[in-house]
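S.K.: Mind looking over this structure? Questions follow.
Read the figures in this text as sums done on the coordinates, not as results from a lab. Treat the numbers as computed from the prediction; the structure is a model and nothing was measured. When we count neighbours, we look across all protein chains shown, and the Cβ atoms used for this are built from the backbone with ideal geometry, even at glycine.
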Amino acid sequence: MSVGIEQLAVYVPPYVLSLDALAAARGVPAEKFREGLGVREMAIAPPCEDVVTLAASAGARALRASRIDPGDIGMLLVATETGVDHAKPVSIFVHELLGIGRQCRVYELKHACYAGTAALMSAADWVRAGGTRPRRALVIAADIARYAIGSPGEPTQGAGAVAMVVGREPGSLVLGEESGTYAGNVYDFWRPLGRREAMVDGKYSVECYLEALAGAFTAYRALERPALGADEPLSARLARFLYHTPFPKMAVKAHRRLLELDWRATAARAAGETDRLEEAMVASHRDAVAPGLEAVARVGNTYTASLYLCLAALLEREGSRLAGQRLGLFSYGSGCCAEFFTGLVPTGVAVQAGVAELLRERTAIDIEAYERLVREGDAGGEPPPGFTGEFVFQGVRDERREYARFAPALAA
Ligand code: CAA
């Protein structure tokens, strides 16, 4: 049975900060961010948005694009590491805002940047377990990445959400049934209760990511069907590679490690063609990785949504060219858990995830405005002019968060 992503839609908040401006403000050469990290801009949420409104705006777009009745959603999963309450899940606010029916399994998932994949896999298994019953799930990955002002992580912030309708008519991506997984307790990135900004052991986190990639990819190679021949690299069967991308240079490092592992696993190549590896890596990155990184370089890290932002932007840009081909996807969540899996782009794929349009419509803010937003926190309030979201966080009253649908006609 084919199970996978029927439709996907993206939402990114309306403010954008140029990383050249951030570099100038921090006294860092612009090339360090542009070349060293591969980032150009980062998305910033206004005070009237939090992770609930980001998730709900992406979810509303996905439901409209797939033309399904919200009442047909039997499972709603929201993956985030930017939770708004220690007990009440983000997903139940989203459930109400989207008008999803009562007969629905609703919960929030957290495992750093891995939770979006945990949600997608849980939803796919639930659809498969339903046999011929027409089960449909809505999976939303949403996050706001925050690091301290002036810290090395600061240029890798971002915000956004990706919503995916998961079911038995996967018009966007057919999920492979095998996954290579890897887990281990590491302190590479964390956010103690009560802290707004993440803590991170930056260089160590890069090592942990690459080690987890090695573990998950090696596990997957053994599960690939039909089984790989002794001299056959898995990479030759995959047209594109998408990685969890905290910053685009991380995907460059990840792809290099993956190709090394893949080549070393093929006895004849490892012996005879090692000298060609460097050349092959450059070409493979250019053709099979770089096309999926443009959006993320302009949005920044969206933590658990990051891999799926890359997927949505890639399918929107060149889905029909990729029809009939397989993609390799790698998900990493600090702490850590990782998964390598594959998906087939079906014929007839037509993804309009909204990425290009949202990036065009954003409002540029300067460093003063950015730092003011950080200082003021997510207090809630009125949407700014040109607001593209569909829901507004109004604020906290009596320790309760209040949300409303945004009606531009009323605001004008
Ligand atoms: N021109 C061009 N490149 C330059 C440069 C210049 N003038 N100056 C420096 N660079 C390059 C460096 O050579 C380096 O490149 P390589 O890694 O290829 O060697 C790169 O810019 C980064 O510079 P630094 O080595 O000085 O590192 P940094 O202090 O800027 O920190 C970081 C980088 C550790 C990634 C930091 O941004 C950080 O802590 N980020 C948050 C953590 C993170 O994203 N970790 C990723 C793995 S964990 C994960 O994936 C989960 C998650 O989402 C958080």
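S.K.: Can you tell me which of 105-116, 179-190, 366-377 comes out highest on packing, and rank the rest after it, using the mean Cβ neighbours within 10 Å?
M.R.: Top of the packing list down: 105-116, 179-190, 366-377.
S.K.: Treating only the Cβ of Lys, Arg, Asp and Glu as charged (+1, +1, -1, -1), what charge dipole size does segment 4-411 show about its Cα centre? Round to the nearest 20 debye.
M.R.: Around 600 debye, computed over segment 4-411.
S.K.: Please identify the trypsin sites (Lys or Arg not before Pro) of segment 193-240 that satisfy two criteria: DSSP loop assignment and at most 11 other Cβ atoms within 10 Å. Which are they?
M.R.: ARG195
S.K.: Based on the alpha carbons, how large is the Rg to Rh ratio for the chain when Rh follows Kirkwood?
M.R.: Checking Rg against Rh, the ratio lands at 0.96.
S.K.: If you restrict to DSSP beta bridges whose two residues both lie in the chain, what percentage is antiparallel, to the nearest 5?
M.R.: 75 percent
S.K.: Treating each Cα of segment 211-334 as an identical point scatterer and ignoring solvent, apply the Debye formula and state log10 I(q)/I(0) at q = 0.13, 0.14 Å⁻¹.
M.R.: -0.52, -0.60
S.K.: Enumerate the calculated ³J(HN,Hα) couplings along segment 174-183 in order (Karplus 6.51 cos²θ - 1.76 cosθ + 1.60, θ = phi - 60°), each rounded to whole Hz, writing x wherever the residue is Gly or Pro.
M.R.: Each residue of segment 174-183 in turn: 8, 7, x, 8, 9, 9, x, 10, 7, 8 Hz.
S.K.: Let me ask something additional. For the residue pair GLU376 and ASP287, what label-to-label distance in nm results when each label sits 7 Å from Cα along the Cα-to-beta-carbon direction?
M.R.: The modelled label-to-label distance comes out at 5.0 nm.
S.K.: Something else about it: Helix-only estimate, please: 222 nm mean residue ellipticity of the chain, summing -39500 (n - 2.57) across DSSP H runs of length 4 or more and dividing by its residues, to the nearest 500.
M.R.: Result for the chain, helices only: -10500 deg cm²/dmol.
S.K.: So, one more: Give me the net charge of LEU173's neighbourhood, meaning all other residues with Cβ under 14 Å from the Cβ of LEU173; Lys, Arg count +1, Asp, Glu -1.
M.R.: Residues near LEU173 contribute -2 overall.
S.K.: Further question on the same structure: Quick one: of LYS88/LYS110; LYS110/LYS249; LYS32/LYS249; LYS203/LYS253, which pairs are farther than 20 Å apart, Cα to Cα?
M.R.: LYS110/LYS249
S.K.: Assuming 0.692 mPa s and 37 °C, estimate D for segment 127-255 with Stokes-Einstein, Rh taken as the Kirkwood radius over Cα pairs, in µm²/s.
M.R.: Once the numbers are plugged in, D ends up at 183 µm²/s.
S.K.: What is the distance, in nm, between label points placed 7 Å from the Cα along the Cα-to-Cβ direction at MET1 and at ASP85?
M.R.: It works out to 3.4 nm between the two label points.
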